[in-house]
Amino acid sequence: VQLQAFGGGLVQAGGSLRLSCSASGGTFSNYAMGWFRQAPGKELEFVTAISWRGASTYYVDRVKGRFTISRDNAKNTVYLQMNSLKPEDTAVYYCAAGMMYGLPSGVNEFDYWGQGTMVTVSS
């Protein structure tokens with residue numbers, strides 16, 4: 001499975017961005033999908049995940065109520081809508097896929113990774 005993430009950019013604090021991640025080379029609906037991020041000088045953070053049909057989602061506490069993950073299995077795409085962005089959301093964002101029917105609980109449950117897309121939030 002090949003994943004390609006895009007949609008990053010520069011936005012002011014309080015603004016919004018929508019990231020997209022397109023998948024190819026596999027049966028997209030077989031995979032739970034997730035987004036991770038890595039800020040400069042910091043460890044990789046598991047941000048959010050969605051189950052294979054979208055029935056279940058997970059969010060790290062610091063993005064709850066601001067970020068929304070969704071997927072369109074007909075388009076082989078997962079989205080991350082980010083609202084009320086803060087400077088601390090600045091990071092490289094990665095999408096990832098894990099073959100399972102439930103929700104992944106961490107980085108080790110993801111099998112495929114896309115290239116990152118940079119999100120910069122200015123204060």
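Things worth noting here:
- Breaking point among (1) farther than 18 Å from F110 by Cα; (2) modelled with pLDDT under 95, for N30: (1)
- Those strands (runs of 3 or more DSSP E) lying entirely in segment 18-123 with at least 2 residues hydroxyl-bearing (S, T, Y): 57-59, 67-72, 77-82, 91-99, 117-122
- Filtering segment 51-81 to residues that are open to solvent by less than 30 Å² (accessible area, probe 1.4 Å) and among the β-branched types (V, I, T) leaves V60, V63, I69, T77, V78.
- G54 being farther than 18 Å from G8 by Cα and either modelled with pLDDT under 95 or among the hydroxyl-bearing types (S, T, Y) (or both): yes
- Meets criteria (under 16 Å from S29 (Cβ atoms), of a type outside the set (V, I, T) and without any contact (Cβ under 8 Å) to a residue 12 or more places away in the chain) for A74: yes
- Among the residues of segment 37-50, just one is open to solvent by less than 20 Å² (accessible area, probe 1.4 Å) and among the charged types (D, E, K, R), namely R37.
The values are calculated or read from the model by the stated rules, or taken from the named source; none is laboratory data. In this text, all values refer to a predicted model and were calculated from it rather than measured experimentally. Using ideal geometry, Cβ is built from the backbone for each residue, glycine included, and neighbour counts are taken over all protein chains shown. Just so you know, the surface numbers come from the protein's heavy atoms only, side chains and all, with ligands and any DNA or RNA stripped out. Shrake-Rupley method; radii C 1.70, N 1.55, O 1.52, S 1.80 Å.
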